[in-house]
Amino acid sequence: MLLRKTYALKFISLIFIILASCFCGKKANKSDLIFTEEGTVFQTAENLQKEGLIPIAIDAYEKYLQIYPKGRFVQNALLRLEELYFLKARYEVSVSIYEDYLRRYAKDINPNESYSRIEELYFLNAKNSNTITSYEDYLKRFPQGSYAKEVKTWVDGLYNERHPSLRELKTAKIVIDEKYQNVNDMRIINENEKKTLKKYLECAGLVVVNNQPEDSDLIFKIILSGTATGINYKEVSSGRFVGFLYTGASVAGNILIKKNNFIQINKYFQTTLTPPARITRYSDIPFFDTSPSFAPFSDAFKKSGLNKMILETLEEAFGPTCLINILSYSIPEAEEVILKMGDRAIKPLCATLINRIYPANLNSIKILSIMRNSNIIECLIPALRDENKDVRKKTAEALMMIKDSRSIESLISALTDEDSDVRRYSREALRVITGQDFYDDHKKWLAWYEANKKNIRE
């Protein structure tokens, strides 16, 4: 709702502002249009603000200040601008938006008020990242801040999730070592893959450095090797001899986590992609397969589950919250690894809901709905009252999938939600759980529940 744009109003308001700005520097007189009046320009900005058109309202107030730098409503415009910039920064979880405002208007604002808002934005930014690094950045800036005690508790929890030998580590270096027999310049892990690995480690609360390995707290090393394999082929249709083609690959590797040159975690894998026994016609195998450089190494590594093993290594080293954060990048293997953890994952998943850590809580709701463990209802139900409508909608959808009668009363309350999607999913969940359908009629659902709650609880 904060940034929802009503296009007709937007068009009219822009015309209004443009007409007002045309008279910049011109003294108003009776022959001018009403749009030249200072009060009208200021009122236009206020109307835009009331409609929730935040970016356009900001432009309108700044246009007013440009036209009337010593006008009657300057102080009011500055106060409105501070509020709007803060709302925009809060919505986008961007400290820089509000800091930009402070740089431009610092002399005109209350320093205590701005300090409080800066702190809140850093706190929201830390929650959005949900890593040790982001939380400690907040604590460094605001050691006695309003949220300091809460953040310290979260930091302790994330440290305790880590492998005992890795709890105090801050920085990491990524090292990739690839060697393929009779093949030069083969790279399975390219620059994009390295960027993904960097995101993974950042989700674990580590700062990835590009300096020498000995200058970092931790070495995350991937060693990959492979051999091209193949056989002699001839066409089935013509019997024509084709020759020896590299249509298979044997690959192996290690994923290592090292601290002070000592290996803390080491995972090994090996996979073979067997060459097909025959080809129907020569065109099925491209000409370049006669070189080992074009053996299907990438397909072999996909078969080996390399990415999944990397994620399993990260979970073992840094705990489940790391993987919950990685889910934000739409990595399906992360979901698979968390589900494999079973009940051990429930507590950290629920923590993101209880602490309202967005967007990690959205990912947690999805995982919990798949697990369908009866113990998760108590952490899901409060999420129906979350301040974020997407979280409320996702929770109603999850409760529909779980079909637990303990959620009926809360789902009935959600029928009065201001968001239509939340109401729709809540009604559908009630229909699935109860077998009843009173549409969106909150009173009828409530009356039915009061008449039947004794039997439902039994």
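Below, the figures for the structure above:
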| quantity | calculated |
| --- | --- |
| Filter result for the condition that a residue is in contact with a His (Cβ under 6 Å, 6 or more places away or on another chain), crowded, with 18+ Cβ neighbours inside 10 Å, among the hydrophobic types (A, V, I, L, M, F, W, C) and touching a residue at least 24 places away in the same chain (Cβ under 8 Å), over Leu415, Leu353 | Leu415 |
| Filtered residues of the range 433-443 (kept if assigned to a helix (DSSP H, G or I) and surrounded by 15 or more Cβ atoms within 10 Å (Cβ to Cβ)) | Ile433, Thr434, His442 |
| Close pairs (6 angstrom Cβ cut-off, 6 or more residues apart or separate chains): in contact (Cβ under 8 Å) with a residue 40 or more places away in the chain in the range 292-320, part of a helix (DSSP H, G or I) and of a type in the set (Asp, Glu) anywhere | Leu311/Glu333; Gly319/Glu161 |
| Helices (runs of 4 or more DSSP H) wholly inside the range 91-154 containing at least 3 residues that are hydrophobic (A, V, I, L, M, F, W, C) | 95-105, 111-129 |
| Sole exception among (1) out of contact with any strand residue (DSSP E or B) (no Cβ under 6 Å at 6 or more places or on another chain); (2) surrounded by fewer than 21 Cβ atoms within 10 Å (Cβ to Cβ); (3) assigned to a helix (DSSP H, G or I) for Glu315, by number | (2) |
| The range 156-181 residues that are among the acidic types (Asp, Glu), paired with ones that are in a helix (DSSP H, G or I) (beta carbon under 8 Å, 6 or more apart) | Glu161/Phe318; Glu161/Pro320; Glu161/Thr321; Glu161/Cys322; Glu161/Pro348; Glu168/Tyr159 |
| Test: residue in the range 378-387 that is touching a Cys at 6+ places or on another chain (Cβ under 9 Å) and not acidic (Asp, Glu) | yes |
| Among the residues listed as Asn211, Asn232, Asn254, the single one being in a strand (DSSP E or B) and in contact (Cβ under 8 Å) with a residue 24 or more places away in the chain | Asn254 |
| Pick from the range 220-260, criterion within 33 Å of the chain's Cα centre (by Cα) and of a type in the set (S, T, N, Q), ranking: nearest to Gly305 (Cα to Cα) | Asn254 |
| Selected residue [part of a helix (DSSP H, G or I) and at pLDDT below 90] from Arg392, Arg356, Arg344 | Arg344 |
| Condition met for Glu119 (touching a residue at least 24 places away in the same chain (Cβ under 8 Å), of a type outside the set (Gly, Ala, Ser) and buried (at least 19 other Cβ atoms within 10 Å of the Cβ)) | no |
| Filter result for the condition that a residue is out of contact with any Pro (no Cβ under 6 Å at 6 or more places or on another chain), under 24 Å from Pro359 (Cβ atoms) and crowded, with 20+ Cβ neighbours inside 10 Å, over Ala89, Ala60 | Ala89 |
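Conditions tested, residue by residue: (1) in contact with a His (Cβ under 7 Å, 6 or more places away or on another chain); (2) surrounded by 15 or more Cβ atoms within 10 Å (Cβ to Cβ); (3) over 22 Å from Glu316 (Cβ atoms).
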position: Leu169; (1), (2), (3): no, yes, no
position: Asn182; (1), (2), (3): no, no, yes
position: Arg187; (1), (2), (3): no, no, yes
position: Leu197; (1), (2), (3): no, yes, no
position: Tyr200; (1), (2), (3): no, yes, no
position: Leu206; (1), (2), (3): no, yes, no
position: Ile223; (1), (2), (3): no, yes, no
position: Ala228; (1), (2), (3): no, yes, yes
position: Thr247; (1), (2), (3): no, yes, yes
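The values are calculated or read from the model by the stated rules, or taken from the named source; none is laboratory data. Model, not experiment: these values are computed from the prediction. As a convention, Cβ positions derive from the backbone with ideal geometry for all residues, glycine included, and neighbour counts pool all protein chains shown.
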